[in-house]
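Note sheet for the following structure.
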Amino acid sequence: MPAKNLIANLFSTIINAEKRNLKECLVIPSSNLAVQVVRTIQKGRYIGEFEVIDDGLGGKLRVQLMGRINGCRSVNPRFSVRKDGYGRWERQFLPAVGVGILIVSTSKGVLSHTEAHEMNVGGRLVGYIY
């Protein structure tokens, strides 16, 4: 399966499993960016534990779902965000201010928009979850 956008595949797999009330899902294929995005989602307490399975091909992620996700999507194109510009994107992609997180790829790694704002760094929008 030649996936062009692994992050879009990650988010669609997670939201489809959530809608079906599954307890876990298997994301195929995986990447280092996908692992960092899942770690950021886990820090936001939207998912439980996750496991990286190295099968010698593209790798897999087994993600434990907790039923807390109402929506998630990748952002294409990956817009640049200034260190003081998170409010605009929060209003555009999230249902309300303070509900959900924007996932941002920064020079400090993949962070939520609140962590990036606290660290005073900008970056590229990868996706959002609420």
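What follows is calculated from the coordinates using simple rules that are stated; it is not laboratory data. None of these values were measured; they are calculated from a predicted model. Virtual Cβ from ideal backbone geometry, glycine too; neighbours counted across all protein chains shown.
Under the combined filter of DSSP loop state and at most 16 neighbouring Cβ atoms within 10 Å, segment 64-122 retains these chymotrypsin sites (Phe, Trp or Tyr not before Pro): F79. Can you pick out the pairs among K23/K83; K19/K108; K23/K43 whose Cα atoms lie more than 25 Å from each other? Over 25 Å Cα-Cα: K23/K83; K19/K108.
Checking every one of the GluC sites (Glu not before Pro) in segment 1-109 against DSSP loop status and a limit of 10 other Cβ atoms within 10 Å picks out no site at all.
Between the amide H of G109 and any residue lying 5 or more places away or on another chain, no distance stays under 5 Å, with hydrogens modeled in the peptide plane.
Comparing R73, R82, R39, which has the greatest mean-square fluctuation in the GNM of the chain with Cα pairs linked when under 10 Å apart? Maximum among the listed residues: R82.
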